[in-house]
1. Among the numbered criteria (1) of a type in the set (Ser, Thr, Tyr); (2) farther than 26 Å from A:Val304 by Cα; (3) in contact with a strand residue (DSSP E or B) (Cβ under 9 Å, 6 or more places away or on another chain), which single criterion is violated by A:Tyr229?
2. Does A:Glu347 satisfy the condition of being closer than 25 Å to A:Gln456 by Cα, outside the structural domain of A:Gly234 (by TED's automatic domain parsing) and modelled with pLDDT of 95 or more?
3. If A:Ile178 satisfies all but one of (1) within 7 Å of RNA strand B (Cβ to nearest atom); (2) buried (at least 17 other Cβ atoms within 10 Å of the Cβ), what's the number of the condition it fails?
4. Restricting to segment A:127-136, what's the tally of residues that are exposed (fewer than 13 other Cβ atoms within 10 Å of the Cβ) and in contact with a Ser or Thr (Cβ under 9 Å, 6 or more places away or on another chain)?
5. Condition first: hydrophobic (A, V, I, L, M, F, W, C), in contact with a strand residue (DSSP E or B) (Cβ under 6 Å, 6 or more places away or on another chain) and outside any strand (DSSP E or B). Now tell me which residues in segment A:180-209 satisfy that.
6. Residue by residue through segment A:243-255, note down the ones that are over 19 Å from A:Ala135 (Cβ atoms) and more than 16 Å from the chain's Cα centre (by Cα).
7. Looking at (1) among the charged types (D, E, K, R); (2) assigned to a loop (DSSP other than H, G, I, E, B); (3) near RNA strand B (Cβ under 9 Å from one of its atoms), which is the only condition A:Lys220 fails?
8. Would you confirm whether or not segment A:310-320 contains a residue that is touching a helix residue (DSSP H, G or I) at 6+ places or on another chain (Cβ under 6 Å), surrounded by 14 or more Cβ atoms within 10 Å (Cβ to Cβ) and of a type outside the set (A, V, I, L, M)?
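The values are calculated or read from the model by the stated rules, or taken from the named source; none is laboratory data. Remember, predicted model here, so these are calculated numbers, not experimental data. Cβ atoms come from the backbone with ideal geometry, glycine included; neighbour counts cover every protein chain shown.
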Amino acid sequence: MNTERTEQQKKVVTRFAPSPTGFLHSGTYRTAVFSYLFAKKHGGEFILRIEDTDKERSKKEYEENIIDCLSWLNMSYDKFYRQSENAPRHKEILEKLISDGKAYISKEEAKDGSGVIKEIVRFKNPNRIVSFVDAIRGEIKIDTTDLGDFVIAKNLNEPLFHLAVVVDDADEGVTHIIRGDDHISNTPRHILLYEALDFNVPTYAHLPLVLSEDRTKLSKRKGAQAVTYYRDQGYLPGAILNFITMIGFNDGTEKEIFTLDELIQVFDLEKVQKGGAVFNPVKLDWLNKEHIKLLSDVDFKNHVLSYMSDELKNIAGFEKRIDAILPTIKERIVKFGDIRDMETAGELQYFFMDPSYEPALLLCAEKQRKGKESMTVKDLAPIYEKLKEIISGITEFTPESAKAFIWPYAEEQGRGIVLWALRTALSGKERSPDPFTLVSIFGKEETIRRLDIALQKLNEINP
RNA sequence: GGCCCUAUCGUCUAUCGGUUAGGACGAAGCCUUCUCAAGGCUUAAAGCCGGGUUCGAUUCCCGGUAGGGUCACCA
């Protein structure tokens, strides 16, 4: 009874054990997220172990990428291991297994077709049915007979995944192995090894796979984007974490927007989905926007600034007006990378400097009076004069106040014409925030100045 | 093909035997100041099939079917 209790109170230890053979992407790091959430939920420890026993495919840059991404996602690990550094221990275990008669060296022709005879190590399979209780799926039984005497090392100095993973997890005290569904078929092999080594078998939890649009396992080939791609595009790490958790997990409520801390609070392996889920980038966009709304004004501004070019930020009027246009930007972006697109499309510059546009743009107001004659310079000039007059009377520069002053005149003259004229004069664009917002951003002096510019441009057109 | 896993709107999901099967994204429509957004409202949209168990199954069991995973001297 006592031993049972201590067993239950044993500190939870989980690990993320990627092989550094590619960039971290949505299909691969989700196991890290769930392992992390589970460990933190139970006040446990989260380990990062780089599984670099495959010398040919492992690359230092991928290892760096993994560490980099985890840090960006704010998933700090309590311990770090590099599997290759445990080589002496692996060799020791291999020798023990062989001397115990539980594994043997087998002289075989190399699989690469070179014809070389190599001495590989095979595990002596007891050929029996292995069963375990998966924390997500319940009992799973698999007959290991058809696995044969599987290979556990290329030679005494080069252990393979099955051996290394079991030895390391046991040595590092991992209590819960949370990994992808695709590992279910490996689990019986691992359990066999645990038993041969007389180690305690940990609890397994096999996560459903993240799927691509065609419902097959998400992979780089299937269009999985690297975590760094999302970072570069200006997604928030909190949104990525929230999204990747919500596909495959639901706390039973209708809440969808969670911070990392909230996720830790509500996380529960038993509420993890069993079936695979499609990674839907459109919903990620929505979620990211929601997370942007959660940002403090300062944080939001800093993010915005980091996505603007120096050229833009160096415009003389930048400092003066940046704060005023922040709300407008927030409304229009879904991720911070959109700011670069806005700048490229020239949708930002006019806030800080005189807009550049063809005089004819002003005349386009004719589009607003269907079936009527085209607008002419003669029609428009008085409108601009009147607008100047109205604006000089505005006392408070808020969108609401601006509207209160301008609206009656727009009603009288035709909304389309007046508002289009105002908006294009202020922005030089066919699309922009509404004119009242623009007026409130620019203030009296600048608004009138821009109306004068429009008037000048009008004169350049021959009636 | 063997073995294993899975199965509710297009997508992500709620439901722990009794519900008008709920929500979200997306879509469509409407409203809200001209454009672009944002916002609000409305609508369409699901229990794979067949057997059981039960007074009653989306839910439990079995069998199909379908999809996926895995079958390396990769991890």
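1. A:Tyr229 satisfies every listed condition except (2).
2. For A:Glu347, the condition - closer than 25 Å to A:Gln456 by Cα, outside the structural domain of A:Gly234 (by TED's automatic domain parsing) and modelled with pLDDT of 95 or more - is met.
3. That leaves (1) as the condition not met.
4. 3
5. Hits for segment A:180-209 are A:Ile184, A:Ile191, A:Leu209.
6. Hits for segment A:243-255 are A:Thr253, A:Glu254, A:Lys255.
7. (3)
8. Scanning segment A:310-320 turns up no residue that is touching a helix residue (DSSP H, G or I) at 6+ places or on another chain (Cβ under 6 Å), surrounded by 14 or more Cβ atoms within 10 Å (Cβ to Cβ) and of a type outside the set (A, V, I, L, M).
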